[in-house]
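The values are calculated or read from the model by the stated rules, or taken from the named source; none is laboratory data. This structure is a prediction, so every number in the text was calculated from the model and none was measured. Heads up, the Cβs are rebuilt from the backbone with ideal geometry, glycines too, and the neighbour counts pull from every protein chain shown. With ligands, DNA and RNA removed, areas are computed over all heavy atoms of the protein, side chains included. Shrake-Rupley method; radii C 1.70, N 1.55, O 1.52, S 1.80 Å.
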Amino acid sequence: MTIVGIVRERREPEDRVAASADVVKRYRAQGLEVLVEKGAGAGSAISDQAFAQAGAELAPDAASVFARADVILKVQGPTAQEIGRLRAGQLLVGMLDPYNRRKEVAALAERGVTAFALELLPRTTRAQAMDVLSSQANLAGYRAVVEAMAAYARVVPMMMTAAGTIPAAKVFVVGAGVAGLQAIATARRMGAVVTATDVRPQAKGEIESLGAKFVGYIPEDAATAGGYARPLTPEEQKRQAEVLADHIRSQDIVITTAQVPGRKAPRIVTKEMVRSMKPGSVLLDVAVESGGNIEGSRADKVVSVEGVRILGPRNLPSRVAPTASALYARNLFNFLALLFPEGSEGPRIDTEDELIRSTLLTHEGRVVHPDFQGGNGA
Ligand code: NAD
């Protein structure tokens, strides 16, 4: 019988886990065995007992999970030690970050592992139930607002009190993809006056439908066929900076979420823009791990610039780990249904299926994904 293996995540900071008790029950109902390393759910408030009650078998350590499981489910890509524990023919599914981990991709191929990187799923309707980027970015957007508002020393909503009226805080969201749109919605719920920007023309309507005002500049053909943004030309960046510099000066909180897939995040907020803000203002760079949208932001550090603070928390979804794990685990379950259709004996790697083909990194000793061939590069 097929064994699905879950281990505690070893990369830091990471409190998420690739299964929930609810999803273990579903795997069992599908006829799959589930083997969970003891303590794997601790960061997500899932006890060993909860996993066991749902029908999982508990393993004393990660090594025994790697040794026995046919499929290893992960949140983040494997460490060198974990790669060393994987064996030929074993399946690995997770957010393997292949653009930044080409060496690991090559190593997985060498070990004969069949590895799937779920970030590479197309953003289509059929893929929505497994769309890990969306489920996690949505939570990142929410948590970014919570953290920025906690760091902001003034109150956010307008308050009319006997002692006087306090105006609502002004929040500006840069990048209105999944994370940015949730940041807008969350900031609105807290009573902030919200504005937002993006470079894709569709984003303007989405910003407005959430009750925020669009501010900014939309270059021509800025959206690619895949629905993502393309990098801006230096001339376009200059025009964008002119519009934003004027706006950012008057903002209390700025949250940046702009990304261009497979590339360094675009630098959008300059030091001068930060300096133009009032003391006590807060910026939070959700893109800090991919290079940062804000000049001067640093991973997991609070940088003060003349009384303005720049936050750069890494891995925001992990800061709401119980929720993030629950959604991520369901995404994985839905993806596994493609690999193990009902009644199947072993995995079915059907490369005719767009969702399988787009995520399959390595198979039968080779790097099979066209974007990552050519070996040991970065
Ligand atoms: P992302 O994380 O790649 O980028 C975040 C946002 O930053 C995007 O909106 C992007 O346009 C914006 N951005 C990039 N460069 C910028 C710049 N220089 N200045 C300002 N903004 C900039 O994007 P995402 O959140 O993964 O979403 C990408 C697309 O996928 C969106 O169109 C989204 O609606 C779409 N999507 C579709 C589905 C679906 O099921 N059909 C699901 C999820 C997302």
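The table that follows gives values for the structure above.
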quantity	calculated
Residues of the range 206-221 satisfying the condition of being within 11 Å of the ligand (Cβ to nearest atom) and either in a strand (DSSP E or B) or farther than 18 Å from THR256 by Cα (or both)	PRO219
Identity of the residue in the range 177-213, touching a residue at least 60 places away in the same chain (Cβ under 8 Å) and out of contact with any Gly (no Cβ under 7 Å at 6 or more places or on another chain), that ends up farthest from ARG249 (Cα to Cα)	GLY177
Condition check for MET149: touching a strand residue (DSSP E or B) at 6+ places or on another chain (Cβ under 9 Å) and within 23 Å of VAL269 (Cβ to Cβ)	yes
Single match in VAL254, VAL260 (criterion: assigned to a strand (DSSP E or B) and either surrounded by 13 or more Cβ atoms within 10 Å (Cβ to Cβ) or not assigned by TED's automatic domain parsing to the domain that holds ALA144 (or both))	VAL254
Filtered residues of the range 1-54 (kept if touching a strand residue (DSSP E or B) at 6+ places or on another chain (Cβ under 7 Å), open to solvent by 50 Å² or more (accessible area, probe 1.4 Å), under 16 Å from ALA329 (Cα atoms) and of a type in the set (Lys, Arg))	ARG8, ARG28
Pick from the range 263-285, criterion polar (S, T, N, Q) and away from the ligand (no atom under 16 Å from the Cβ), ranking: least open to solvent (accessible area, probe 1.4 Å)	SER281
Elements of type strands (runs of 3 or more DSSP E) in the range 131-180, at least 2 residues being in the same structural domain as VAL288 (by TED's automatic domain parsing) and closer than 11 Å to VAL286 by Cβ	170-174
Whichever residue in the range 224-236 is more than 7 Å from the ligand (Cβ to nearest atom) and not charged (D, E, K, R) and, among such residues, is nearest to GLY291 (Cα to Cα)	PRO231
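Results for (1) of a type in the set (D, E, K, R); (2) open to solvent by less than 20 Å² (accessible area, probe 1.4 Å); (3) on the phi > 0 side of the Ramachandran plot; (4) within 15 Å of the ligand (Cβ to nearest atom), shown as yes or no for each residue.
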residue: LEU121; (1), (2), (3), (4): no, yes, no, yes
residue: ALA150; (1), (2), (3), (4): no, no, no, no
residue: VAL156; (1), (2), (3), (4): no, yes, no, no
residue: GLY164; (1), (2), (3), (4): no, no, yes, no
